1. Tally time: how many residues in the range B:572-584 are under 17 Å from the mean Cα position of the chain (by Cα) and within 7 Å of another protein chain (Cβ to nearest Cβ)?
2. Any residue at all in the range B:541-564 that's polar (S, T, N, Q), modelled with pLDDT under 80 and part of a loop (DSSP other than H, G, I, E, B)?
3. Go through B:Ala84, B:Ala45, B:Ala61 for me and flag whichever is among the aliphatic types (A, V, I, L, M), touching a Leu at 6+ places or on another chain (Cβ under 8 Å) and either in a helix (DSSP H, G or I) or in contact (Cβ under 8 Å) with a residue 24 or more places away in the chain (or both).
4. In the range B:13-34, what residues are aliphatic (A, V, I, L, M) and either outside any helix (DSSP H, G or I) or farther than 15 Å from B:Met77 by Cα (or both)?
5. Cβ contacts < 9 Å: first residue touching a residue at least 60 places away in the same chain (Cβ under 8 Å), restricted to the range A:108-119; second residue assigned to a loop (DSSP other than H, G, I, E, B), any location; separation 6+ or different chain. Result?
6. Condition first: of a type in the set (Val, Ile, Thr) and over 26 Å from A:Pro165 (Cα atoms). Now tell me which residues in the range B:676-704 satisfy that.
7. Hey, among B:Arg337, B:Arg322, which residue is of a type in the set (D, E, K, R) and touching a strand residue (DSSP E or B) at 6+ places or on another chain (Cβ under 9 Å)?
8. For the range B:615-662, name all the residues that are modelled with pLDDT of 75 or more and among the small types (Gly, Ala, Ser).
Amino acid sequence: MRLNEYFSDEDRQLLQARARHLAQRREDDAAGEAYSVLQILVGAETWALPLAALVAVYQTVKIVPVPCVPPFIAGVASIRGQVLPVLALAVLLRVPAPPVAAGYVVVVSDGTHSAGLLVPGVGDVVTTASILPPEAAGALSLPYCQGFLPDHSSLLNVAALLGDPALVIEDRVQQSYP
Amino acid sequence: MGKRSQADLLQELRQTFRVEAQEHLHTLNQALLDLERTEAADRRAAHVQNAFRAAHSLKGAARAVNMPAIETLAHAMESLLQQARDAGRVLDAATCDHLYAALDTISDVLADRPVSEAVLAERQSALSGGPATPAAPVPSPTTAPATATATPTATATATPAAASLPADDTIRVSIRRLDQLMARMGELLVARMSLTRSLESLPAQREALARWQQTLQGLRGGLLPAGAAGVAGAALHNLLEQQARQAQALSAGFEALEQHLHRENSRLTTIADELQEQVRYLRMIPFQTIALPLERTVRDLSHSENKPITFIISGGEVELDRKVLETLKDPLLHLLRNAIDHGIETPEERRAAGKAPHGSITLTVQQRGSEIRLTVRDDGRGFDFEQLGQVYRRQRGDAPLGDLSRDELIEMAFHPGITTSHQVTALSGRGVGLDIVRKELEVLQGRVRVDSQPGAGTTLELIVPTSLTMTRGLLVQVGAETFALPLHAIEKIAPVERVVYLSGQPMLELGTALLPLYALAALLERAPQEQPPAGTRAALVIGAAEQRVALLVDDILTEQELAVKPLSHPLKRVRNVTGTALPGSGEPIIVLNPSDLVRSARGRQPGPAPALDGHLPAPAAPEPAPVAVLVVDDSITTRTLEKNILEAAGFLVTTAINGVEALRRLREKPVDVVVSDVQMPEMDGLELVRQIRSSEYRHLPVILVTSLESAHDREQGLKAGADAYIVKRGFDQAELLTTVARLVGRALP
């Protein structure tokens, strides 16, 4: 199912809410064994986003660049009347990918903060029965990765991403005197 | 339902009491100030009565919530005022001092500031003791040498608005609720704008409909000549006839609907605009709500400094956003203190200088569109430019002063630690100069102008926006981007006609003045343009506090009302940016921060015209800088091997033989990624990673390369903070290259 091709905003959000609800219930029933994720395509890699952290997916939202910020901030976008920061996921995940001006904006939330993630592509919603621990990656320590799906896609840790103090920008211009 | 405890109830009652007590304190302060500058006996009696009533109410309320300290003081004040009212006791300056002191102590108690028993006892005895009724029943304020007097105009503007309104006409609403209302209002505006945009597409639809009608018409006309033949032809003709009628009806209906929508939309626009204006004003309060503490300050200082002063506030009815007003209070107090301490001379000095013995300070509040001008003018001695220059020389080394203009010296008065006061007094001269004023103004995105005539006085003009949440913004174009600048920070928009260079710095000629000119694109760290876009290039003269610069923009687009919101997590504060606004177009606009921009401009080093980079003839397109790699290995073979592999792939490689040297190399020249061996003398790879992680280069990607392959070693490496771990035995070019490329976030060169 390609989320954006068949559904209106409202329908999509309703479906997502249902999916979240279902995911929640299964987790309760089977002690977190089943997990629904949205596949997102970052460069040559496929990552998986837990549906529980997904708020909405937008395809045609204008991203307005913000001056004087590091490259991992793609800009800001108006999401249903709210201006949210949009993070360039490829930069954060250090995936070599050509810079994308447009793409999908996946709005995620950890309950405290919401932000958009700029991703080059969005795949299907899949349900997985098992998740491998991050150590399965072997050599590389992947940032914001909380494990792997059986198809080897990496599971994005949204809470770690939105809560990462290293991403907080608090910057002012120093006063200089003649 | 939970039962509220007695303590909870008292707590709530005390909260209510605090609000009420503030009002009584306000009335008392006001009545005493009025009393001190009134000579007519009947009006004095009225002021005494007002004060008495407030003291009495305060006493009763304090007793009800069991706050004995306030009750006792209020009682003592009440008794004293009663003596003044009924027994002709004189309220001279000294007695008023006691009353004011008691009011301040009550304020302290209300604000939970510690007040000792001794202070309370002192206040109480000062009020109840003192001289009894003297002979003269009608006092004159001029009998007390240190009394602040005021012309009648001062009292005319100082009437508190709240006092004139019956209590039933007002209710208290929390700011939070007003903000919610404001946010909803913003959404309404966005919805309305989007409706207007949809309406704009209607004519195109109508034209499409008309074209369809024409096609039908044409078809019918084309059929007619041949139409004589056959039943089928007639049926087709009828069908077309029918279709044309339906299209006609549809078109008429469409037109009526379009007119109706336009009418309703313009009605909605009017209502929404009015509503927005009204909601905006809900947050606004008149300036005179802070007039009282200002008057008290002038009165108290004029007493303690022995400098009689006439203080006049005009324009107290001008309304400002509550937050702006609160932020303004401290800088204004500071300016008034400065004026009294540094500006106004003693009566003797004034007489000697041929001036009236009374000093004069005026505070004028004026609204000009969306900005408020506050002018503080005194007729004192003015800035001591010579001394300012000396202080500057002392503090900043031996800078030649001959070429410093008066404006530059004034600007220096706003720097931290600059004061011209000869001695440290209780008021100022503690080295805390006008920089406080500057700081507060920057919070408000305001600016200040100073004019000082030695011997004749000083005029300070503060210019601030009426509101911080809603601001009129100027939309400007920089490259392909649109930015908004708050209009109140823009002094003027000037054509870029004459630019001269002073030691490499482009300066814009504006009349007789020269202002440093900077490309806004450069300050916003935008990549240089290949060719300047078409458009009317213009310079915006912006001011932040007392500094001014000119900013070059590619085009001026429009002026618009903007609801500015701060950026959200993780963008806590971004330099040069205040926040975003969401105008009708639905696309966010970045609202720039004028004080940051001025600082960014001032911080730029002058060089061969760097201020205008990107706006000079097209520079070559920037090549991406090669990725710099630091290879650390004690084996020369491995070092050379890795260096060759990486250099062949286009990386820029430097080498080090162990961790210690690697750290030194890093300090000399930063790199993009480190490839390090684990086993090395002096400092091994694990320690190097730890050191890097705890240094300023903590985000630097580090790859460990080693012959060790046990899970334990890998764990050690990653635990130390390495980003990747490559085993030498399986060492192949591709793995090293892809890992490096991946960590620096770039495709292989």
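The values are calculated or read from the model by the stated rules, or taken from the named source; none is laboratory data. Note that the coordinates shown come from a computational prediction; the quantities given were computed from them, not determined experimentally. Here the Cβ positions follow ideal geometry from the backbone for every residue, glycine too, while neighbour counts run over all protein chains shown.
1. Step one: list which residues in the range B:572-584 are under 17 Å from the mean Cα position of the chain (by Cα), which gives B:572-581.
Right, trim to within 7 Å of another protein chain (Cβ to nearest Cβ) and you get B:572-577, B:580.
Adding up the residues that qualify gives 7.
2. no
3. B:Ala84
4. B:Leu13, B:Val19, B:Leu33
5. These pairs meet every condition: A:Val119/A:Val100; A:Val119/A:Gly103.
6. Passing the criteria: only B:Val678.
7. After applying the criteria, what remains is B:Arg322.
8. Scanning the range B:615-662 gives B:Ala628, B:Ser635, B:Ala648, B:Ala649, B:Gly650, B:Ala656, B:Gly659, B:Ala662.
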